[in-house]
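A.B. asks: Okay, handing you the structure first.
The values are calculated or read from the model by the stated rules, or taken from the named source; none is laboratory data. None of these values were measured; they are calculated from a predicted model. Cβ atoms come from the backbone with ideal geometry, glycine included; neighbour counts cover every protein chain shown. Only protein heavy atoms, including side chains, enter the accessible area calculation; ligands, DNA and RNA are left aside. Shrake-Rupley method; radii C 1.70, N 1.55, O 1.52, S 1.80 Å.
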Amino acid sequence: MSAVSASAAAMPRKRRRPRRGMVVALLLAALLAAGGAFAAVTLTRDEAPALPAAGEPVLLTADVLSRVSAAVGHEVYGVAAPAGTRPEVTRSSSGEVWVRYLSGDAKLGDKRADYLTIGSYPRADALAAAKAAAEGEQSRSAELPDGGLMLWSLDRPESVYAASPGSDLLVEVYSPDPARARALVRDGAVAPLR
């Protein structure tokens, strides 16, 4: 036989109620932990800069360059920024990209054609296209050390185009000084920006 009396076995056990203070403390701790986790994620999130809209010139930074290159699917060419210049970048919806080196009081999107500008244009077999264009009577060309070609028109000598073997990019170097445009291409100063 059991030592517990029948009346004690029949009585329901009293449940202990949790203390109200303990419940409030647990809820407060949970809320603080959730708030801390939210703050940690928000403060350490590495948000990518917004991609500039097609046709909208923006200041060229490393983050913008990365986003533009990813959006157009090819490298963006330029030069080491000349002293006293601020590079801007503009992309088209078809993948063409221009890097302009503004100086003086020029603002982003300045309409004047007074600034060194490097264009990167996707073209299938750009070297073959450049060789075909170089055959025109108004064109002049020169071979580049990498086996590529640079060419310019007698009508527009300020724009020099360059293409390299195996590349699907045609690069344009525009300068108000035609000799400078040719020298930048010839000397290898124009390269993918990093």
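A.B. asks: Between Asp146 and Ala179, what FRET efficiency follows from the Cβ-Cβ distance if R0 is 22 Å, with the result rounded to 0.05?
C.D. replies: After rounding to 0.05, the efficiency reads 0.55.
A.B. asks: Round to the nearest 0.05 the FRET efficiency obtained for Ala124 and Arg186 when R0 = 35 Å and r is the Cβ-Cβ distance.
C.D. replies: With a Förster radius of 35 Å, E is 0.90.
A.B. asks: Quote the charge dipole size of the stretch 36-194 about the Cα centre in Debye, to the nearest 20; the model charges only the Cβ of Lys and Arg (+1) and of Asp and Glu (-1).
C.D. replies: Here the stretch 36-194 has a charge dipole of around 240 debye.
A.B. asks: Once ligands and nucleic acids are excluded and a 1.4 Å probe is used, how much of Asp125 is accessible, expressed in Å² to the nearest 10?
C.D. replies: 90 Å²
A.B. asks: Also, quick follow-up: Please compute the contact order of the stretch 115-171 in relative form: average sequence separation of alpha-carbon pairs under 8 Å and at least six residues apart, divided by the residue count, as a percent.
C.D. replies: Taking the mean separation of contacting Cα pairs over the length of the stretch 115-171, I get 41 percent.
A.B. asks: Something else now. Under the rule a/c < 1.5 gives rounded, and otherwise a/b versus b/c splits prolate from oblate, where does the stretch 132-192 land using the Cα gyration tensor?
C.D. replies: In terms of gyration-tensor shape, oblate.
A.B. asks: If the chain between Arg112 and Ala62 were fully stretched, how many nm would it gain, using 0.36 nm times the residue separation less the Cα-Cα distance?
C.D. replies: Value of the extension gain: 15.5 nm.
A.B. asks: With contacts defined as alpha carbon pairs under 8 Å and 6 or more residues apart, what's the relative contact order of the stretch 47-152 in percent?
C.D. replies: Once normalised by length, the contact order is 20 percent.
A.B. asks: Also, I was wondering about something else. From the C-alpha gyration tensor of the stretch 68-162, pull out the three semi-axes of the equivalent ellipsoid (sqrt of 5λ each), sorted largest to smallest, in whole Å.
C.D. replies: Each semi-axis is √(5λ); the values are 25, 18, 12 Å.
A.B. asks: Take Asp155 and Ala132, extend 7 Å from each Cα along the Cα→Cβ direction, and tell me the distance between the two endpoints in nm.
C.D. replies: Using points 7 Å along Cα→Cβ, the separation is 1.8 nm.
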